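**Q** The structure is given below, and queries will be raised subsequently.
Each value in this text was obtained by applying a stated rule to the coordinates, not by laboratory testing. Note that the structure is a prediction, hence the values are computed from the model and not measured. Ideal geometry is used to build each Cβ from the backbone, glycine not excepted, and the neighbour counts take in all protein chains shown.
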Amino acid sequence: MKRDFLLVLTIVLGLSAAALVTRWNDAHHRDFATQFAEEPLYLNGPAMKRITLSFNGVAADWYWMRSLQYVGRKIVTYEDAHAGNFDLGDLSSLDLRLLPSLLRMATTLDPQFLEPYYYGAVILPDLNQDEAISLLDYGIAANPDKWRLHQHLGYIYWQRGDYHKASDVYAAGARIKGVPPWMLAMSARMKAEGGAAQAAREMYAHLSEASDDLNVKRMVEKQLMRLDSVEERDRIRRVLSDYRARTGHCVSTWKEIGSSLRSAGLRIDGSGAPLDPANTAYRLVKDGCDIDLDENSPVPHR
């Protein structure tokens with residue numbers, strides 16, 4: 001009887017202790033999975049590469065998967081806190097501070113593993129363009145035959161407005177064996193965006209001469225028309241500006257500046273409107289103070 005009493009007492013005390021421990025845990029609960037996900041990487045890539053020895057590829061895969069899970073967890077957490085509202089076009093709200101380190105670790109462990117480079121090229125520019133450029137520079141050095149890395153890097157430089165650097169990157173990629181012809185075309189386009197129109201014309205001309213592809217030749221033709229149109233619009237705007245300076249108001253019809261347009265070397269139609277390279281009339285906008293391409297013109301607007 002006494003033994004049964006002691007057994008029951010032990011069970012009651014044990015359950016009470018368990019309840020107290022559970023309550024303490026609930027009161028001091030920590031999300032260890034989240035905490036681990038935010039822990040900084042204490043080892044750099046070269047150190048981890050030495051530790052993993054012949055298992056570098058496996059370790060790279062693990063860090064690559066952790067990168068994806070890290071971003072995915074951040075998105076889920078953000079959606080939970082904002083009623084499911086999340087814009088994939090704006091990743092700056094996610095605080096992805098560890099992502100550059102995770103991607104760098106994966107690519108250091110396996111420099112020929114391309115997916116982290118491509119992923120970083122899409123995600124990192126919204127967070128830190130310098131990190132994105134550094135990652136792709138490393139990838140290009142390790143994979144000199146992968147032209148898509150040049151494509152992504154050129155696009156990032158274009159995004160930041162460094163058109164000449166973007167052009168150099170596309171031109172370097174265009175020298176890789178098997179690259180599509182448009183890479184060289186993009187190099188010329190970047191120079192045009194930066195204002196070096198004559199250099200762009202030369203590159204387009206070389207591209208057309210070197211290619212038998214009719215699609216490439218048509219693309220070159222359109223881009224040359226775009227360059228011509230940019231120069232024509234600059235001349236027309238100077239004529240409009242001179243007219244406004246003389247009269248104090250903008251033009252109401254093209255005929256008011258017909259002679260000035262001819263003197264500027266522009267072709268005009270019967271109504272006095274200047275013609276774009278596709279023989280479509282430009283249109284007056286902003287109450288005659290500016291001009292633009294007609295929306296039906298085949299000349300590329302950008």
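**Q** Pulled fully out, how much extra length does the chain show between Arg175 and Ser252, if you take 0.36 nm times their separation in residues and subtract their Cα-Cα distance?
**A** 22.6 nm
**Q** Another question about this same structure. Taking the Cβ of Leu266 as the center, what net charge do the other residues with Cβ under 9 Å away carry, scoring Lys and Arg +1 and Asp and Glu -1?
**A** Working: positive: Arg235, Arg262, Arg267; negative: Glu232.
Net local charge, Leu266 excluded: +2.
**Q** Based on the alpha-carbon gyration tensor of region 203-302 and its eigenvalue square roots a ≥ b ≥ c, which shape applies: rounded if a/c is under 1.5, prolate if not and a/b is larger than b/c, or oblate? Don't skip to the answer; put the middle values down first.
**A** Working: a/c = 2.77, a/b = 2.52, b/c = 1.10.
In terms of gyration-tensor shape, prolate.
**Q** For the pair Asp137/His164, report the inter-label distance in nm, with labels modelled 7 Å from Cα in the Cβ direction.
**A** It works out to 1.8 nm between the two label points.
**Q** What does the C-alpha gyration tensor say about the overall shape of region 121-270? Classify as rounded when a/c is under 1.5, otherwise prolate if a/b is larger than b/c, or oblate.
**A** Oblate is the answer for region 121-270, as a/c is 1.5 or above yet b/c matches or exceeds a/b.
**Q** Would you mind computing, in nm to one decimal, how far apart the modelled labels at Asp242 and Asp61 are, each placed 7 Å from Cα along Cα→Cβ?
**A** 7.0
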